[in-house]
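Trainee: Please see the structure below; I have some questions.
The values are calculated or read from the model by the stated rules, or taken from the named source; none is laboratory data. Here the structure is a predicted model, which is why all the values come from computation and not from measurement. Cβ atoms come from the backbone with ideal geometry, glycine included; neighbour counts cover every protein chain shown. With ligands, DNA and RNA removed, areas are computed over all heavy atoms of the protein, side chains included. Shrake-Rupley method; radii C 1.70, N 1.55, O 1.52, S 1.80 Å.
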Amino acid sequence: MSPSISVVIPFYHAEEYFDETYHSIKAQTLAPAEIIVVIDGCGEKAINFLASYHDITVINLENNGGPAIARNIGVKAAKGDWIAFMDADDKWKPEKLEKQMAFLASNPEFSSCHTGIITFTGQDIIKQFNNKPQKLTVTDLLISSHVVPTSWVISKQAFEKVNGFDTKIKCSEDHDLTLRLVLANENIGFLAEPLAYLRREGHGNISSNGKKIFIGHKQLLAKHKAIFNQHPKFKHKFMYKTCMTAGGKTSGLEKVYYYLLGRIIKILYNVGP
């Protein structure tokens, strides 16, 4: 029997890009059982826009709460045994779901699987990320999140085991979730093929906002303080990378502040490459 997959998509003013996203899902060689789109407080414009897609389930949230809330609600409504997360402006290669489910069937020790990604803007490829740990460990996750939701398939059972995304964390909620999964002995596997495309248009997505990244990472450090303190080398490297990433996505005095703070951390704690 074919695996039952529910695709869950938070939708926030993504009318310009959603049709490309939708058609990449419909082109999958392994068709999902359903597509659930959660409108994250966009109002009538989004409702009317999505009404033209007759084979999706639309859930409308009156207030904007962020992707963590939208994804949790989408998963709760999902009928599938597996959840494939997708952002409303990204896209997949046609064989993505089929290859992921084959990987999971061949490696039953994993309750979720993510893939390599390709970042892009318009028709231009920016970069490919295909060198990640085959099985994520806690120490891997103390340095980087590694998992991008658009590339991820997870069993609904594993997702519910750790109570889904923490809605108090507004930027690093995916990083927090993967860390909690690994701590709960839910293994996350990596399929080393670039099967997901991550859009980088700078059109208001959270990952393009340096200040939100900085705040989200601070929340992550505070929540998992005990674990980070057990591994000070990784903690300091994470702090340094946070500052440099935030600085690269801001300008003016804010950019100077993040870069200066990053350099101080690097010198003070002898952070290596």
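Trainee: In region 92-105, what residues are crowded, with 18+ Cβ neighbours inside 10 Å and over 17 Å from I154 (Cα atoms)?
Mentor: Across region 92-105, the qualifying residue is only K93.
Trainee: Taking the criterion of being in contact (Cβ under 8 Å) with a residue 60 or more places away in the chain, open to solvent by less than 50 Å² (accessible area, probe 1.4 Å) and farther than 22 Å from F165 by Cβ, would at least one residue in region 41-48 satisfy it? Lay out the reasoning, then the answer.
Mentor: Of all residues in region 41-48, those in contact (Cβ under 8 Å) with a residue 60 or more places away in the chain come to none.
No: region 41-48 contains no residue that is in contact (Cβ under 8 Å) with a residue 60 or more places away in the chain, open to solvent by less than 50 Å² (accessible area, probe 1.4 Å) and farther than 22 Å from F165 by Cβ.
Trainee: Next up: I'd like to check something: does region 106-122 contain any residue that is of a type outside the set (S, T, N, Q), open to solvent by 10 Å² or more (accessible area, probe 1.4 Å), modelled with pLDDT under 95 and over 24 Å from H236 (Cβ atoms)?
Mentor: yes
Trainee: If a residue has to be more than 21 Å from Y197 (Cα to Cα) and buried (at least 21 other Cβ atoms within 10 Å of the Cβ) to count, how many in region 76-86 make the cut? It would help to see each step written out before you state the result.
Mentor: Looking only at region 76-86, we keep the residues that are more than 21 Å from Y197 (Cα to Cα), and these are 76-81.
Still in the running and buried (at least 21 other Cβ atoms within 10 Å of the Cβ): 78.
Summing the residues that are more than 21 Å from Y197 (Cα to Cα) and buried (at least 21 other Cβ atoms within 10 Å of the Cβ) in region 76-86 gives 1.
Trainee: In region 90-128, how many residues are β-branched (V, I, T) and under 20 Å from L181 (Cα atoms)?
Mentor: Here is the first cut: in region 90-128, the residues β-branched (V, I, T) are 115, 117-119, 121, 125-126.
Among the residues that remain, those that are also under 20 Å from L181 (Cα atoms) are: 115.
Residues flagged as β-branched (V, I, T) and under 20 Å from L181 (Cα atoms) within region 90-128 amount to 1.
Trainee: For region 212-248, name all the residues that are among the polar types (S, T, N, Q) and over 17 Å from I265 (Cα atoms).
Mentor: Initial filter on region 212-248 (among the polar types (S, T, N, Q)): 219, 229-230, 242, 245.
Across region 212-248, the qualifying residues are Q219, Q230.
Trainee: Here is a list of conditions, (1) under 19 Å from V147 (Cα atoms); (2) free of Cβ contacts under 8 Å to residues at least 60 places away in the same chain; (3) surrounded by 17 or more Cβ atoms within 10 Å (Cβ to Cβ); (4) among the charged types (D, E, K, R), and E186 meets all of them except one; can you say which number that is?
Mentor: The one condition E186 does not meet is (2).
Trainee: Any chance region 8-18 includes a residue that's out of contact with any strand residue (DSSP E or B) (no Cβ under 9 Å at 6 or more places or on another chain), open to solvent by less than 30 Å² (accessible area, probe 1.4 Å) and within 13 Å of M86 (Cα to Cα)?
Mentor: Within region 8-18 (the criterion being out of contact with any strand residue (DSSP E or B) (no Cβ under 9 Å at 6 or more places or on another chain), open to solvent by less than 30 Å² (accessible area, probe 1.4 Å) and within 13 Å of M86 (Cα to Cα)), the answer is yes, since at least one residue qualifies.
Trainee: Let me ask something additional. Restricting attention to region 40-81, report how many residues are touching a His at 6+ places or on another chain (Cβ under 9 Å) and assigned to a helix (DSSP H, G or I).
Mentor: 2
Trainee: When you scan region 154-171, do you find a residue that is surrounded by 18 or more Cβ atoms within 10 Å (Cβ to Cβ), closer than 23 Å to G210 by Cβ and free of Cβ contacts under 8 Å to residues at least 60 places away in the same chain, even just one?
Mentor: Looking through region 154-171, at least one residue is surrounded by 18 or more Cβ atoms within 10 Å (Cβ to Cβ), closer than 23 Å to G210 by Cβ and free of Cβ contacts under 8 Å to residues at least 60 places away in the same chain.
Trainee: With region 93-187 as the region, which helices (runs of 4 or more DSSP H) entirely inside it contain at least 2 residues that are more than 28 Å from I69 (Cβ to Cβ)? Please lay out each step first, then the result.
Mentor: On the way: elements: 96-106, 138-141, 156-161, 173-183.
Result: 96-106.
Trainee: Would you pick out the residues in region 228-253 that are more than 24 Å from the chain's Cα centre (by Cα) and open to solvent by less than 70 Å² (accessible area, probe 1.4 Å)?
Mentor: Filtering region 228-253 down to residues more than 24 Å from the chain's Cα centre (by Cα) leaves 229-233, 251-253.
Listed by number, the residues that qualify are H231, P232, G252.
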